[in-house]
Amino acid sequence: MSAPFEVSKALSRVQPSATIAATQKARELKAKGIDVISLGAGEPDFDTPDHIKDAAIDAIRRGETKYTAVDGITELKEAICAKFKRDNGLAYKPSQVNVSPGGKPVIYNAFAATLNPGDEVIVPAPYWVSYPDMALLCGGTPVFAEATAKDGYKLRPEALEAAITPRTKWLVLNSPSNPTGAAYSADDLKALAEVLERHPHVWILTDDMYEHLVYDGFEFATIAEVAPSLYERTLTMNGVSKSYAMTGWRIGYAAGPEPLIKAMAKVMTQTTSNPCSISQWASVAALNGEHDFLKPRNDAFVRRRDLVLRHIAASEGLDAPKPEGAFYVFPSCAGLIGKTSGKGKALKTDGDVCDALLEEAHVAVVPGTAFGSGPAFRISYATSDEALEKAGTRIAEFCAAAR
């Protein structure tokens with residue numbers, strides 16, 4: 001008789017992605033013919049711009065379909081260096097650049113290359129669901145530093161100071177944020193940098209994936225740009241997924257100190273090897289090409305954000321700050337906790353609220369506790385105005401029926 005299957009201890013420490021789970025539940029109900037509006041997925045509903053698709057087709061026709069250098073082609077690394085110089089005032093050489101098959105592998109490879117058991121990773125909460133679990137998979141220990149709604153869901157210097165210990169290896173900063181849409185100004189980052197300058201053993205991983213999705217005149221900044229003293233211990237991560245509507249192309253990238261970049265490449269030699277060759281050439285076109293498409297798309301995101309916020313304001317028991325970027329709203333649902341839904345479900349947690357919204361109002365959202373902060377839930381407004389209008393009405397009706 002064969003031995004029973006057992007997962008590794010490392011895997012048993014982590015949870016499946018809550019965002020993927022919410023999207024899958026919505027798919028299952030849709031397959032049964034139910035009119036579900038899914039506001040769980042974190043990807044733009046826009047298509048990849050044509051000039052990027054054309055570059056991919058040209059690459060295929062040129063025969064760019066073989067293995068590449070494990071952490072990216074030279075042409076893409078040069079385009080990334082030019083992007084960092086142009087957009088962020090940061091000077092990097094191609095030898096300081098890593099290209100991976102998506103943003104997640106960039107972060108995972110950095111953790112895998114650097115974390116030892118007991119090393120701590122500070123993760124401001126609310127956080128993207130994958131940060132703590134990737135730290136756990138790599139043997140590290142996530143340490144959560146609360147960023148409250150009162151502070152616009154941005155980490156305060158005193159909270160960062162309190163979270164740092166001799167075992168701290170990394171601080172993860174995400175701006176604009178998934179799940180809240182909060183973005184750090186240059187002054188916000190300078191205040192955090194003052195703390196970090198007192199703790200030279202702490203490295204910084206800044207996730208700038210939503211850099212170009214900022215609104216209302218907000219000026220994006222990244223920490224190595226505003227605090228040059230931290231340049232030598234900062235990994236500045238970005239990608240083409242969100243701004244260029246290229247989620248399925250799977251290209252993430254980062255720049256940082258050469259020893260770290262080399263260590264990340266070593267991880268890749270025994271795991272993924274190189275990112276897709278065709279996607280890399282498409283990304284060269286994305287970074288080097290015109291960005292005129294961004295403004296009309298951002299205008300649409302602003303309109304959608306404001307539509308969602310109007311419905312939240314009209315929904316009894318919900319409250320949400322206005323996000324500066326990304327395409328998420330993160331309303332508190334504290335006013336619903338302790339009530340009973342219109343169809344009799346006890347709303348004891350934000351998970352109960354989200355389950356009832358799906359079952360009764362047929363709107364799929366993700367519980368805030370999955371992001372380390374509740375009671376709340378995340379709405380992705382990267383979908384049509386019509387769907388958001390209908391979902392907002394359903395949410396308001398659901399809240400009005402709760403007693």
Other residues with Cβ under 12 Å from the Cβ of LEU230 give, with Lys and Arg +1 and Asp and Glu -1, a net charge of -1
Among segment 55-78, those whose backbone N falls under 17 Å of a label point 7 Å along Cα→Cβ from ASN288 are 55-65, 69, 72-78
ASP47 and LYS322 label points (each 7 Å along its Cα→Cβ direction) are spaced in nm at 3.3 nm
Rounded to the nearest 10 Å², the 1.4 Å probe accessible area of ASP216 is 100 Å²
CD proxy, 222 nm, the chain: helix-only mean residue ellipticity via -39,500 (n - 2.57) per DSSP H run with n ≥ 4, per residue, nearest 500, stands at -12000 deg cm²/dmol
Among beta bridges assigned by DSSP with both residues in the chain, the antiparallel ones amount in percent, to the nearest 5, to 45 percent
Scoring only Lys, Arg, Asp and Glu (+1, +1, -1, -1) among other residues with Cβ under 14 Å from the Cβ of LEU39 yields +2
Expected field for CYS276, accessible surface area in Å² at 1.4 Å probe radius, rounded to 10, holds 60 Å²
Length gained, THR269-GLU75, 0.36 nm per residue minus C-alpha separation, equals 67.8 nm
Judged on accessible area alone, 1.4 Å probe, highest first, TRP203, TRP128 line up as TRP203, TRP128
Quick tally, 1.4 Å probe accessible area for THR23, THR234, THR349, sorted with the most first, runs THR349, THR23, THR234
Under the 7 Å Cα-to-Cβ spin-label approximation, ARG86 and LYS30 lie apart by a distance in nanometres of 3.4 nm
With Rg from the Cα atoms and Rh as the Kirkwood inverse mean 1/r over Cα pairs, segment 145-200 has an Rg/Rh of 0.95
Under the rule rounded for a/c under 1.5, else prolate if a/b exceeds b/c, else oblate, using alpha carbon gyration tensor axes a ≥ b ≥ c, segment 93-213 is classed as rounded
For ARG233 the rounded accessible area (nearest 10 Å², probe 1.4 Å, non-protein molecules ignored) is 30 Å²
Expressed as a percent, the accessible surface of the chain that is carbon or sulfur, using a 1.4 Å probe and the full set of protein chains, is 53 percent
So for segment 1-139, using the alpha carbon gyration tensor with a ≥ b ≥ c as root eigenvalues (a/c under 1.5 gives rounded; past that, a/b versus b/c decides prolate or oblate), I'd call it oblate
Counting only residues 5 or more apart in sequence or on a different chain, those whose built amide H sits under 5 Å from that of PHE377 are CYS333, GLY368
Zone reached by a paramagnetic label modelled 7 Å from SER95 Cα along Cα→Cβ, restricted to segment 247-264 with backbone N below 17 Å, covers 255-264
Note: SER384 to LYS66 extended length (0.36 nm per residue) minus current alpha-carbon separation gives 110.7 nm
Checked segment 254-321 against the a/c 1.5 cut and the a/b vs b/c comparison, axes a ≥ b ≥ c from its Cα gyration tensor; verdict prolate
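The values are calculated or read from the model by the stated rules, or taken from the named source; none is laboratory data. Just so we're clear, the structure is a prediction, and the values are computed from it rather than from any experiment. All Cβ positions, glycine included, derive from the backbone under ideal geometry; neighbour counts span all protein chains shown. Ligands, DNA and RNA are excluded from the accessible area calculation, which covers all protein heavy atoms including side chains. Shrake-Rupley method; radii C 1.70, N 1.55, O 1.52, S 1.80 Å.
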